[in-house]
Structures are given as C-alpha cells and as structure tokens.
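Just so it is clear, none of the values below were taken in a lab; they were calculated from the coordinates. Please read these numbers as outputs of a predicted model, since none were measured by experiment. When we count neighbours, we look across all protein chains shown, and the Cβ atoms used for this are built from the backbone with ideal geometry, even at glycine.
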Amino acid sequence: MNPLLAEIPYWGQSLLRVLGGLVAVLLPAGTIVYVFLFKMMSFMQSRLGPMEAGPYGSMQLFAEVGKWLQKEDIVPERADVRIFKMAPVIVLLSTFLLVVAVPFGPDAWFTDFEVGVFYALAVSSVSVLGILVAGWASANKYSLLGGLRAAGQLIAYELPMVLAVMGVVIQAGTMNLQKIVVAQNSGSMFGFDAMGHPYVISQFVGFVIFMIAIQAELTQAPFDMPIAESELVSGYMTEYSGFRFLIFFIGEFATAGVFAMIAAVLFLGGWGVPFAWFGWTSIDDIDNWMNIAGPIIVLTKMMLLVFIIMWIRFSYPRLREDQLQRFAWKGLIPLALANIMVTSILKVAF
Amino acid sequence: MAKVPGLVKGLGVTLGTLFNTATKGASTVQYPHEKETPPIRSRGVIALHQDNCTSCMLCSRSCPDWCIYIEAHKELAPPRREGGKPRQVNLLDRFDIDYALCMYCGICVEVCPFDALFWSPEYEYSEPSIADLLHDKSKLSEWMETVPEAPALEAGADKKKK
C-alpha cells in the first residue's frame, strides 16, 4: 500500500492511479514529439519545423491529433477486423503496463514490485504481440513483412537488453526498481559519496548495450526496418489510418519515454539525488518534498536519454536486415554475457 | 570497430547543424511571410505579348504536351504606303495555355520567331479549381507586366539581328 494514498478510499486511489498513469504516459509522449520530433529534427536539418500553430508551433501536436481524429477509420476488405482493430490498443497497453513499474519518488510510485525489473522486461515484450497481429491482420504483404521483421528484431534485441540489466541487478543485489534507485544514491565510489554511485559509471558497458537495445526495441532508426517507409511502406502501419494510426504513434513515443525512464532508473539514479547531499542514510529519512521533486528529476533524466535516442535516430541511415541480426547475436549478446561474467566476478571479489 | 570514428563524426554533423540553426537561423525561409526573390531567368509563368504574335502556330505545334490552343482569323489592314495593297494580318481569337498540362520546358518561348512569348518569374498562380489553370490571352498578356528586362548582352557578344 502506497503511504501517500493510505487515507483515500479505494475508488479514489484507483482514480488517482489511472490519472497518474495517463499523465505519466501522455505528457512525456507529447513533450518528446514536440521537442525532439518537431523541433530538434528540424534544427538538425537546418529548418525551423512547425511555426504556425501557436507560439513557435507549440500547438502543432493538437492540430495533428485533431486531424487524425477526424479522419476516416479505414479497414481493408479482407482484414481480420477484430484483431486489426485490437492491435494498436495492445501496443499502447504495453506502454501503460510498463510505466506502472517506474518509481517517481520515495512514496510516489504506482506499484512497488519486489521483481520490478523482471516485470518491466516482461511486459515490454507485449508490444511485439500487438505489432505482429497488426501485420498479420492487415491482409497486406508489406504489413506482414513488417510485422515479421519487427518480431525478429524485438526478440533479437530483447536478449541483450535483459542481459545488460542483469549486470545492474547483480550489482544492486535486488530486482526492486525502488531499491535499485536507493542503492545508487546511497552508494559511494572509492569512499567519495557526493555523487552517489550511478551505475552508468560502473556498468557503462551495460548502459551502452541497454541504450542500443532500446533503440532497436523502439524501432527507431538505424534499426527501423519494420517500418521502413521506403521499402515496406511503413510496414505493419501501412493499412492504419485515423485514430488507430494515432494510437500507434502515441505508443511509439510514449514507449520511448517510458523506456528512457527505466534506463534512468537503472543507470542514472532515477528520481533520487545523492543522499549524502542532505544527510539521508536510508529511504525512510527522505523528506516529503522529494515526492514532488522526484518526478521532475526522472523526467529531466528521461529527456536527456531521449535526446540521445533521437540524436542517433536523426543521424544514422537504416541498417540492412541481416546486419541488424548479426549485430545483435554476434556483437551485443556476447558482450553482454562477458559484462555479466566480469560484474559477478568483481561482485564476489569485493 | 573501424567504423566508430565515422559514426561519431556523423553525430557531430547533426549536432553542429542543430547549434548553427539555433544561433544563426535556418537555411529555409518561412514562405508566406517572407519570400525569396526567384533567380533571374527562372521559369515561373509564360507571358504573351499579343502584338508580336502572328499566330504562326509554331509554339502550339512544338509543345510536347499540346497545351497551347490558338485560333485566329485573317483581316485586311490598311497599306503601309500610299496607294499600296491592303496588308493581310492574322488576329488572335484565342490563345490559351493550360498550366495544368504545361511542364515548363520552355520550347514555345525558344521557338517563337517574333518574340511574342516570355518567361516571367511569377510563380504564385495556383488555383482551387483545375479548370482555372487554363490562362486565356488576356490573362497571359497581364503576365507581361511581371517580365523582367532582358539582361544585358555579354561583352563581345553578337549584336541582336533585326
């Protein structure tokens, strides 16, 4: 039971959780789309991006959403209608399931799973199902190819992601995301505790593998073969229009945000600041204002990581399908396994 | 691993462009608010100088898209000299260019032996209805106002033959 909600009746708790979940998914998604997709990409191509809707184009997203909502909802004649309509919802569902695991403050969390890492990695794979059935149900060869490519890619990159996270789990000695945050912020490096001990330093290899793997999980360029607009006409999204496409679109960027939050929790110390700054020693000493500051800190770290994801997305061209698979199976997975070996040896030695 | 320096360099290019755009401004202009002057001799729209046209049909026949429609009739004009025969002149009834078909090759302008057709850099003549892209001879003549002065000949070039 979350202590922040203990006084509120059950229905109120549920309502707050739903609202909190919506905010935690849609706010990062909207911010990411405006700041990175609209503005950063334009600036990297020496243009200004949308400028007409609202001051500096800031209302452009609402215009786009309005446009999508009023479009016709087209279903191909030979599509598997019910599954076709369900697929985008499954993709977005996995995002909502994923955000549940992220801690935003000492008491500001949705659920405090003892095996939060395991849960997060498990539900993140649900989106593969959505993508695969979207490709199959569209009754379109491009969609099917895109769906198959997505399935192959997501399975290939799920492995290095899991293996990269295992280093963190070994080092923290727990799978509870909240306790991983506490372990990083209350830790010290060589007796020097002003920085805490963010695992991005000791698990740098794991961090790099994790970032590459989520780049592929999110099907962002250079790993965007499943949606490859020039060869597969946007892959599994070919037949989707109107608000179903909108759901895919929100799902893509909301998942980017949530994955970046999880990376921030695992490697950058999550919602916490180094506890030594304020003389805290454990999670029970932490002042209540951290429940307000925590979400802001997580979002800041999320924006930093999404910046890296998007920067790579806007810089590199697409890999070939076989290069993608070879990179995962011959490069990342052996590297991640070696990382686990070294981490566990050092863990036992010290 | 040999590809890593190139990958880093690529990231540097995009980040450099990002900061350049943020500090020095974009390479693009915000079109309806500010406009670039089209380069000299740019092919915007074709203007018709009616007095020069003899309705010889060369432009119409050389048009690859067949988008020039000409109809004319013959009239007798007073003789140039006292006591001469009256001259026969061709007067235009119709001179239309269908810009929905035109591909801006400029062959009509090139082929015209009497300097009746000119390129104008004007480019803002899109229409909500495709039929309105058929410009008749009065509209084509109005474009003459936008035709710039011909650039001066290069030094040492042949004089224009009269």
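Convex hull volume per residue, computed on the Cα atoms of chain B, equals 245 Å³.
If only the Cβ of Lys and Arg carry +1 and only the Cβ of Asp and Glu carry -1, the dipole of the protein assembly as shown around its Cα centre is close to 1260 debye. Binning all Cα-Cα separations of the range B:112-162 at 10 Å, short to long from zero, yields these whole-percent fractions: 17, 42, 25, 12, 4. Between residue A:89 and residue A:287, the contour length at 0.36 nm per residue exceeds the Cα-Cα span by 67.4 nm. The mean number of partner chain beta-carbon atoms within 10 angstrom of a residue's beta-carbon across peptide A:290-302 is 0. Remark: for residue pairs A:39/A:67; B:9/B:35; B:85/B:137; A:330/B:3, the C-alpha separation exceeds 23 Å in B:9/B:35; B:85/B:137.
Judged by the mean number of other Cβ atoms found within 10 Å, the most tightly packed of the peptides A:320-332, A:138-150 leads the ranking A:138-150, A:320-332.
Axis of helix B:4-24 versus longest Cα principal axis of chain B: the two differ by about 60°, to the nearest ten degrees. Here each label is just a point 7 Å from Cα along the line to Cβ, and for residue B:62 and residue A:348 those points are 8.8 nm apart. Shape descriptor for the range A:252-347: Rg over Rh equals 1.10 (Cα atoms; Rh from the Kirkwood inverse mean 1/r).
Scoring A:255-264, A:85-94 by mean Cβ neighbours within 10 Å over their residues and listing the highest first yields A:255-264, A:85-94. A dipole drawn for chain A from +1 and -1 charges on Cβ atoms has a positive end, and of A:269, A:168, A:205 the residue lying farthest that way is A:205. Dividing the Cα radius of gyration of the range B:12-84 by its Kirkwood radius returns 1.37 for Rg/Rh. In terms of surrounding Cβ atoms within a 10 Å radius of their Cβ, A:131, A:309 rank from fewest to most as A:309, A:131.
Please name whichever of A:140, A:250, B:45 sits farthest to the positive end of the charge dipole of the protein assembly as shown, dipole taken about the Cα centre and charges placed at Cβ: Lys and Arg +1, Asp and Glu -1. Value computed over the given set: B:45. Think of each Lys and Arg Cβ as +1 and each Asp and Glu Cβ as -1; about the Cα centre, that makes the dipole of the range A:72-349 roughly 640 debye. In chain A, helical runs assigned H by DSSP with n ≥ 4 each contribute -39500 (n - 2.57); averaged across all residues and rounded to the nearest 500, the mean residue ellipticity at 222 nm is -20000 deg cm²/dmol. Membrane-span-like helices in chain A, defined purely by DSSP H runs whose alpha carbon atoms cover 20 Å or more axially and whose average Kyte-Doolittle hydropathy reaches 0.5, are A:10-32, A:81-99, A:141-172, A:242-267, A:290-315, A:333-349.
Separation of the range A:283-305 and the range A:88-149, taken as the distance between their Cα centroids, equals 24 angstrom. A Cα-only calculation for the range A:72-349 places Rg and Dmax at 19.7, 67 Å.
Taking each residue as 0.36 nm, the span from residue A:47 to residue A:188 lengthens on full extension beyond its C-alpha to C-alpha distance by 46.3 nm. Other protein chain C-beta atoms within 10 Å of residue C-beta, averaged over B:4-16: 3.
For the range A:1-147, the fraction of alpha-carbon pairs lying more than 20 Å apart is 66 percent, rounded to a whole number.
Orientation-averaged projection of the range A:108-222 equals 8.7 nm² [convex hull of Cα atoms, one quarter of hull surface area].
Mean partner shielding of peptide A:34-46, defined as the number of other chain Cβ atoms within 10 Å of each residue Cβ, is 4. Based on the convex hull around the alpha carbon atoms, the protein assembly as shown presents an average projected area of 36.3 nm². Grab the other residues whose beta carbon is less than 11 angstrom from that of residue A:320, score K and R as +1, D and E as -1, and report the net. Residues near residue A:320 contribute -1 overall. Panel order for A:71, B:159, B:74, by other beta carbons found within 10 Å of each beta carbon, from fewest to most: B:159, B:74, A:71. For the peptides B:49-59, A:236-246, the ranking by mean Cβ contacts within 10 Å, running from highest to lowest, is A:236-246, B:49-59.
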